[in-house]
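Asks: Below are the structure tokens for one structure; questions will follow.
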Amino acid sequence: MNLILELFFTFLKIGLFSIGGGYATLPLIQQQAVVVHPWLTLQEFTDIITLSQMTPGPLAVNTSTFVGMRLAGLAGAIAATGGCVLCGILISLGLQRFFRRNGDQKAVLHLLETLKSASVGLIAASAATIVLIALFGVSSWKQPLQFNGTALILFALSLAAIVKGKLGPVPLLILSALAGCFFYL
């Protein structure tokens with residue numbers, strides 16, 4: 001299959017099952033882009049997540065765009081982004097119509113509570129994946145772990161700067177980029 005079409009349909013599937021937003025979508029994107037279709041290495045995927053968080057816009061959309069751009073240029077970026085957002089747009093329009101008619105029914109309210117729980121699980125899985133990648137350089141507990149003490153120290157300092165020092169995201173990103181250049185280049 002043509003890579004552009006493959007990107008579109010892969011990200012269409014991701015968009016269809018991305019309940020919970022950007023962080024909940026990251027494990028789905030990683031599974032497809034690194035494992036199912038070995039388009040990217042784990043390090044490339046981690047770099048794409050970093051860039052996606054630094055750029056304005058939704059995380060899942062940015063990640064899709066960067067994956068598509070990396071693999072097939074502008075056409076790949078458009079295909080991956082379009083696939084990622086199409087289901088969300090169509091589902092949002094359908095749900096808006098549905099809730100306008102049925103939003104006060106008890107079964108509908110229970111369904112929403114269930115979806116919230118599923119979203120929390122997906123976000124927790126995404127957080128665990130990011131911690132594994134950042135601190136151990138792997139995406140699964142099944143792989144051999146190599147602890148990165150420097151990453152843990154940088155994480156702790158960043159957390160302290162946010163919580164205690166009230167440092168904003170832009171200065172923290174700049175300081176993190178400088179630390180990354182110093183420690184990892």
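Asks: Name the pairs: first residue in region 161-185 and surrounded by fewer than 13 Cβ atoms within 10 Å (Cβ to Cβ), second residue assigned to a helix (DSSP H, G or I), Cβ to Cβ under 7 Å, at least 6 apart or on different chains?
Replies: What qualifies is Phe183/Thr150.
Asks: Of everything in region 139-156, what is in contact with a helix residue (DSSP H, G or I) (Cβ under 8 Å, 6 or more places away or on another chain) and assigned to a helix (DSSP H, G or I)? Give them in sequence order.
Replies: Thr150, Ala151, Leu152, Leu154, Phe155
Asks: Right, something else. Right, Thr65: surrounded by 19 or more Cβ atoms within 10 Å (Cβ to Cβ) and either of a type in the set (Gly, Ala, Ser) or in the same structural domain as His110 (by TED's automatic domain parsing) (or both) or not?
Replies: The answer is yes for Thr65.
Asks: What about Ile78, is it at pLDDT 95 or above, more than 26 Å from Leu135 (Cβ to Cβ) and either part of a helix (DSSP H, G or I) or of a type outside the set (Asp, Glu) (or both)?
Replies: Here the answer is yes, as Ile78 does meet what is asked.
Asks: Which ones in region 35-46 are closer than 21 Å to Gly180 by Cβ and either touching a Cys at 6+ places or on another chain (Cβ under 6 Å) or at pLDDT 90 or above (or both)?
Replies: Of region 35-46, the ones closer than 21 Å to Gly180 by Cβ are 40-46.
Correct list: Leu40, Thr41, Glu44, Phe45.
Asks: A further question on this structure: Within the group Ala80, Ala107, Ala60, Ala127, which residue is surrounded by fewer than 19 Cβ atoms within 10 Å (Cβ to Cβ) and either touching a helix residue (DSSP H, G or I) at 6+ places or on another chain (Cβ under 6 Å) or under 19 Å from Gly21 (Cβ atoms) (or both)?
Replies: Unique residue meeting the criteria: Ala127.
Asks: Looking at region 47-57 only, could you name the residues that are buried (at least 22 other Cβ atoms within 10 Å of the Cβ) and either under 13 Å from Gly15 (Cβ atoms) or polar (S, T, N, Q) (or both)?
Replies: Hit for region 47-57 is Ser52, nothing else.
Asks: Then there is this: Tell me, yes or no, whether region 97-108 has at least one residue that is part of a helix (DSSP H, G or I), among the acidic types (Asp, Glu) and in the same structural domain as Met69 (by TED's automatic domain parsing).
Replies: Looking for residues that are part of a helix (DSSP H, G or I), among the acidic types (Asp, Glu) and in the same structural domain as Met69 (by TED's automatic domain parsing), one finds none in region 97-108, hence no.
Asks: Quick one: which residue in Phe155, Phe147, Phe98 is among the aromatic types (Phe, Trp, Tyr), out of contact with any strand residue (DSSP E or B) (no Cβ under 7 Å at 6 or more places or on another chain) and surrounded by 15 or more Cβ atoms within 10 Å (Cβ to Cβ)? Steps first, answer last, please.
Replies: Values: Phe147 fails: surrounded by 15 or more Cβ atoms within 10 Å (Cβ to Cβ); Phe98 fails: surrounded by 15 or more Cβ atoms within 10 Å (Cβ to Cβ).
Every option except Phe155 fails the conditions.
Asks: Consider Leu122 carefully, then state whether it is in a helix (DSSP H, G or I) and farther than 22 Å from Asp47 by Cβ. Steps first, answer last, please.
Replies: Numbers: in a helix (DSSP H, G or I): yes; farther than 22 Å from Asp47 by Cβ: yes.
Yes.
The values are calculated or read from the model by the stated rules, or taken from the named source; none is laboratory data. These numbers come from a predicted model, not from an experiment. Heads up, the Cβs are rebuilt from the backbone with ideal geometry, glycines too, and the neighbour counts pull from every protein chain shown.
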